[in-house]
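Below is one structure, written out as structure tokens, with a few remarks after it.
The values are calculated or read from the model by the stated rules, or taken from the named source; none is laboratory data. Here the structure is a predicted model, which means the values were calculated and not measured. Positions of Cβ are generated from backbone atoms using ideal geometry, with glycine treated the same way; all protein chains shown enter the neighbour counts. Side chains are part of the model used for accessible areas, which takes the heavy atoms of the whole protein and leaves out ligands, DNA and RNA. Shrake-Rupley method; radii C 1.70, N 1.55, O 1.52, S 1.80 Å.
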Amino acid sequence: MKKITLLACGFAMMAMASCGSKEENPFFVEWDTPYGIPPFEQIKTEHYLPAFEEGMKQQLEAIDAIVKNTEEPTFENTIVAYEYSGELLNKVSGVFFNLSGVESDDDMRAVEEQVIPMMSKHGDNIALNAELFARIKCVYDKRESLNLNGEQMRLVEETYNGFVRGGANVPADKQDRFRQLNEQIASLTNRFEQNVLKATNAFRLELDEQTAKSIGLTEGQLAAAKELGDADAATKGKYVFNLQMPSWEPFMQNCSDRDLRKQMWDAYSTRCNGGEFDNTKLIDSIVNARLERANILGFPTHADYVLDDCLAKTPQAVDNLLMQLWTPALKKAKEECAEYQKMIVADLGKDAKIEPWDWRYYSEKLRKEKYDLDEEVIRQYFSLDNVRQGAFDLATKLYGITFEENMSLPNYHKGLVTPYEVKEDGQTIGILYMEWHPRESKQSGAWMTEIRGQHKDINGNNQIPIIMVCCNFTKPSGDKPSLLTADESETLFHEFGHALHGLLSKCTYPTLAGTSVPRDFVELPSQIMENWCRDSQYRKVFAKHYSTGEIIPDELIAKLEAAGTYGQGFINTELLAASLLDMKYYSITTPQHVDANQFEESYLNSIGLIPEIISRYKSAYFKHIFTTGYDAGYYSYTWTAVLDRDAFEAFVESGDIYNPELAKKFRHILESGNTTDLMKLYVDFRGKQPSVDPLLKARGLK
């Protein structure tokens, strides 16, 4: 019944009363909450649609007022007026689109299916408003004579470029098709994402106790699998494994039963490739729709369109960087493969051949042999609480900010989400929500997002950021807390680095604040934090045994360092393969039928990817490039890795990894958002252009 009501809400504003009147809808009143945090407990699913509709209506009314202003276009009456035109829409969007990733259910998905095409149409109505664009262009053309400061000039340029990229110059006879493509892409990408979530949740491997305890799994894995089984009456007493990383990857590393490894591998790697949640046909439609849209905008490919607004600028520049790493990474991967091949022959006989579902198992086995490293031992020094506190303490040491848990703040999921007040000199400068563990209503992976980004409102009052960090780590089990791998620890530091980018922002305009930077720069604040996480000096600060409090021993640190470049052939090859595949999809120049499986296999074979390794994400579940804004942008993790290693090298070269002068200069990058030329910002910090050498050395590729 509730679902029907939600569907009715999308038809007309007259249905608003059935969805909650303005007096009842929390989005239509000023929030009387600490720091303007959304009153999560009061917000119901039926409140979203009327709030979206009213938000769009209000923004269009504000834009109509800009257009009808008879005064000459100025920075204030046009650019600033437009910048602040969507207050209510931003308010509801900041809540809905973030909670839909962590609190998804049938009702939320029903709203999402209606809202996404509405938002696409609304965006086009603004971007294709010729009268509005004429006023913006007028200000843009005379910008040099307006005595603007640097941030104001950047806002004029970004606003103008945003309209051009949004279709403002599209000829009238192509505008209808342009609108259709935008709406089609929005709907297709949403379906793709929902299919991945459903397919990931659909598979469970159930084992009886005897089997589970006989295949080499660790005590921690067994306890977690038992708890997962007991959580559902249908599997009570069973040991259950699923496709979430905290369950799947350790299983693949430790399970000695090759048939079971293959079963888990097949379930993971064939998700959304046929069947109920098939994404392959969606890929064909998405790739061709994005190409056609790019062509309408005057670009030969979708990649050219995306990169024109990034630091890389061209697909050729991306390919040049990726291939610098691809050749040595593939060479190293082949060497690793040869070692594992010897091991599987020793185990199973001369006819045995290493397969993708064997790679993690033999990699972990050899790592233990070579470096005497046991993942279970390592985990004991990386409890979630200690790693989180290590990230907090590093931010305090570098930037002087502190984090105070405050469970009395409004919370979207009490018991599973922890709110913190972020403070500097006693003043709260931001709110940080952190949640750590998987659940069925939550997307997989790890991410940071903003419910509200830092900015100054129309009256000049600073609005502090409200940030979410979401991960999917192993849950506590029995008397053991959540214990992380070294890689998962780096993931926590990574997402926390994104959070710092949002929290430390000191900008005026929402469009330019915080993380509003190109994809191939946005990963710098996150990836540089990983360097401290794996630094031997800083590990001694936070890596402590979860039960004894013992600091991680020098012997174990030495082993971790010795193994630092172990497996880098595989790690880099699968990452680069995904990055190159992304660019290949979006570098097609003519419309064509894209058979995702054939396209992927043909291209990866052409660049020499060995069959024992697959792309980090196979096409059918490659959410980054088919849903979440990394289309023609997955390269950015590698592009930015050059910057992050080069930047951290500055701290190392100074002889002090906490160098306060360098920390102050790097904080300026975090504070500046997109208010200035980003490469200039980086060079001002580093004193020179970035070099790829530190990255090659760190990854054992040089």
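When the pairs K540/K697; K198/K332; K57/K623; K57/K442 are compared against a 28 Å limit on Cα-Cα distance, K198/K332; K57/K623; K57/K442 fall above it. Normalised by 2.2 N^0.38 Å, with N the number of residues, the alpha-carbon radius of gyration of segment 494-639 equals 1.34.
The alpha carbon convex hull volume per residue for segment 540-585 rounds to 106 Å³. Could you tell me how far the Cα centroid of segment 544-578 sits from the Cα centroid of segment 311-357, in Å? Cα centroid to Cα centroid, the span is 20 Å. The tail of the calculated P(r) for segment 578-702, taken as Cα-Cα distances beyond 20 Å, holds 58 percent of the pairs.
Computed over segment 305-437, the quotient of the alpha carbon radius of gyration and 2.2 N^0.38 Å is 1.66.
Taking 0.36 nm per residue of sequence separation and removing the Cα-Cα distance, the N77/N597 pair yields an extension gain of 182.0 nm. Taking the protein heavy atoms of segment 547-702 in the context of the full set of protein chains, the accessible area attributed to carbon and sulfur is 51 percent at 1.4 Å.
Net charge in the neighbourhood of P419 (other residues with Cβ under 15 Å of its Cβ; Lys, Arg +1, Asp, Glu -1) is -2. Angle of helix 356-371 to the longest C-alpha principal axis of the chain, folded into 0 to 90 degrees and rounded to 10: 60°.
Filter the cross-link list K262/K618; K342/K544; K584/K688; K423/K456 down to pairs whose alpha-carbon distance in this structure exceeds 25 Å. Correct reply: K342/K544; K584/K688.
In segment 442-563, what is the volume of the convex hull around the alpha carbon atoms, normalised per residue and reported in Å³?
Roughly 149 Å³ of hull volume per residue.
A quarter of the convex hull surface defined by the alpha-carbon atoms of segment 497-543 gives 3.8 nm² as the mean projection. Relative to one another, the C-alpha centroids of segment 116-133 and segment 207-234 are positioned 52 Å apart.
What's the angle, to the nearest 10 degrees (0 to 90), between helix 106-127's Cα axis and the longest principal axis of the chain? Around 50 degrees separate the two axes.
Element breakdown for segment 43-90 at a 1.4 angstrom probe: carbon and sulfur atoms account for 47% of the accessible area. Remark on segment 131-233: Rg and Dmax equal 27.7, 79 Å (Cα only). Between (1) 96, 63, 51; (2) 83, 60, 55; (3) 74, 63, 62, which entry matches Cα extents along the principal axes in Å as derived from the coordinates of this structure? For Cα extents along the principal axes in Å, the calculated option is (2). Helix 384-399 and the longest principal axis of the C-alpha atoms of the chain enclose an angle of approximately 50°. Distance between the modelled labels on N320 and L148, one decimal in nanometres: 3.0 nm (7 Å Cα→Cβ projection). Measuring nothing but protein heavy atoms, the accessible surface of segment 384-524 at 1.4 Å probe radius is 43 percent carbon and sulfur. With both residues required to sit in the chain, DSSP beta bridges show an antiparallel share near 80%.
Rounded to a whole number, what is D in µm²/s for segment 234-370 from Stokes-Einstein with the Kirkwood radius over alpha-carbon pairs (25 °C, 0.890 mPa s)? Don't jump to the answer; show the numbers that get you there.
Numbers: Rh = 19.0 Å.
This corresponds to a translational diffusion coefficient of 129 µm²/s.
Summed over the residues of the chain and divided among them, the accessible surface reaches 41 Å² per residue at a probe radius of 1.4 Å.
Around D230, under 14 Å between beta carbons, what's the net of Lys plus Arg minus Asp minus Glu among the other residues?
With Lys, Arg at +1 and Asp, Glu at -1, the net is 0.
For the chain, relative contact order (Cα pairs under 8 Å, six or more residues apart, normalised by length) works out to 15 percent.
The Cα-based radius of gyration and maximum Cα-Cα distance (Dmax) for segment 53-185 are 16.5, 54 Å.
Rounded to the nearest angstrom and listed largest first, the equivalent-ellipsoid semi-axes of segment 368-431 from its Cα gyration tensor are 32, 18, 6.
Here the Debye sum runs over all C-alpha atoms of segment 403-501 as equal scatterers in vacuum, and log10 of I(q)/I(0) at q = 0.17, 0.20, 0.22, 0.25 Å⁻¹ comes out as -0.84, -1.10, -1.26, -1.45.
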